[in-house]
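Asks: My questions all concern the structure below.
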Amino acid sequence: MRRLLLLLALLAAPPMETRAETLAAYRITPAGRDAPISLLIPGSHQGEAGLPAPAPALFEGRAALLLESVQDAEDVSDLLRAPQGFDVLAPFPPAQRRLLDAAAACARLGVEPLSPIGLFLALVAASAPREAPCPGLPPPQSEAGGPASGGDPALRALADAQGLPIQGLESRREQLTALQRMGGDALLRLVGLMLRDMQGGPQAGLAALDAAMVQALLAGDFAALRERVLATLAADPPLRAAFARFMLDDRSALMARRLAARLRRESLVISIGAAHASGPGGVVARLRQAGFVVQPIRIPAALPPDAGPR
């Protein structure tokens, strides 16, 4: 959901000045003697400038790396295709339709006409970092602060290096079904918000927001990240409520249930989007309600490749 954060959020913070040596995380301990200890690292689904990876030693002796989702082969075209007779582009003026057509052509979802879910995914995919910009779309905002690092890509690399299985807490269909439950009208309003932001052209605020996200992640201020997402939808209370319920809290509940079923018998490294960690409906609160001890901690970050001993 990182690109959604960038497209929706409006607030910014000062850029990072130094590279962090620790990351915010949670230690999860089930009740009982000799219970396995797991590590929850709320973070970003993509690499971010200024966000380091955790130290490789933290993966030693773990049973698996759990991410929100991994690629699966299930056919979800039924969720991406618009119902017959439903003109999904009707709410959008011609200029925005052209952007949607360009995003659909670039994303290559393999389905047409696209449903509201399909339009949303096309915009997200077309906005993701790529070697060449999508024809017909504004060039993506350049990211400041150095090369991207950390996030799920770094965790995947660490797990691969130690031969750990990488598994998902949700299937792709489950994620898309959460979007569907928001309702087609709410999704189209969300798409419209993304398009208006895109029509605004390159904005320095996006680069500053990258730094703001990293600052909050490093500080462990996951509540601020959640509120930042929801605050951008304040002008549309029904959309804000739908997003908070279906995309954050309901998915957090599902992830917490699946974690609870494994944490009593396995030592895991878990990475979820930071907005799922906080709040009364977040994963941390739900695991505590299920009887787990969940403690905020600082974990060591990996040394950059050219760094010597500290």
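Every number in this text was worked out from the coordinates using simple rules, so none of it is lab data. All of these numbers come straight from a predicted model, not from anything done at the bench. Neighbour counts are summed over all protein chains in view; Cβ atoms, including those assigned to glycine, are modelled from backbone coordinates with ideal geometry.
Asks: Near Gly281, within a Cβ-to-Cβ distance under 14 Å, what is the net charge of the other residues, with Lys and Arg +1 and Asp and Glu -1?
Replies: +3
Asks: What Kirkwood hydrodynamic radius, in Å, does the range 244-287 give when the mean of 1/r is taken over all pairs of distinct Cα atoms and then inverted?
Replies: One decimal place: 10.5 Å for the Kirkwood radius.
Asks: So if we plug the beta-carbon distance of Glu112 and Asp160 into 1/(1 + (r/R0)^6) with R0 = 30 Å, what FRET efficiency do we get, rounded to 0.05?
Replies: Numbers: r = 36 Å, r/R0 = 1.19.
That gives a FRET efficiency of 0.25.
Asks: OK, next. I need to check one value: relative contact order of the range 26-114, counting alpha carbon pairs closer than 8 Å and at least 6 residues apart, in percent. Intermediate values should be presented prior to the final figure.
Replies: Working: 30 pairs, mean separation 17.7, N = 89.
Once normalised by length, the contact order is 20 percent.
Asks: Now for a different question. Residues with amide H under 5 Å of Ile270's amide H, sequence separation 5 or more or different chain, H placed in the peptide plane at 1.01 Å from N; which?
Replies: Leu39, Leu40, Ile41, Leu66
Asks: Among 241-253, 269-281, 225-237, 89-101, what's the highest-first ranking by average C-beta atoms within 10 angstrom per residue?
Replies: 269-281, 241-253, 225-237, 89-101
Asks: Still on this structure, please answer the following. As an exercise, take the mean of 1/r over every pair of distinct alpha carbons in the range 223-310, invert it, and state the Kirkwood radius in angstroms.
Replies: After inverting the pairwise mean of 1/r, the radius is 15.0 Å.
Asks: Give the calculated FRET efficiency between Ala105 and Asp78 to the nearest 0.05, with a Förster radius of 22 Å applied to their Cβ-Cβ distance.
Replies: Between Ala105 and Asp78 the formula returns 0.55.
Asks: Taking H as built 1.01 Å from N, whose amide H comes closer than 5 Å to the amide H of Ala55, not counting residues under 5 places away?
Replies: Under 5 Å from the amide H of Ala55 lie the amide H atoms of Ala301, Ala302, each far enough along the sequence or on another chain.
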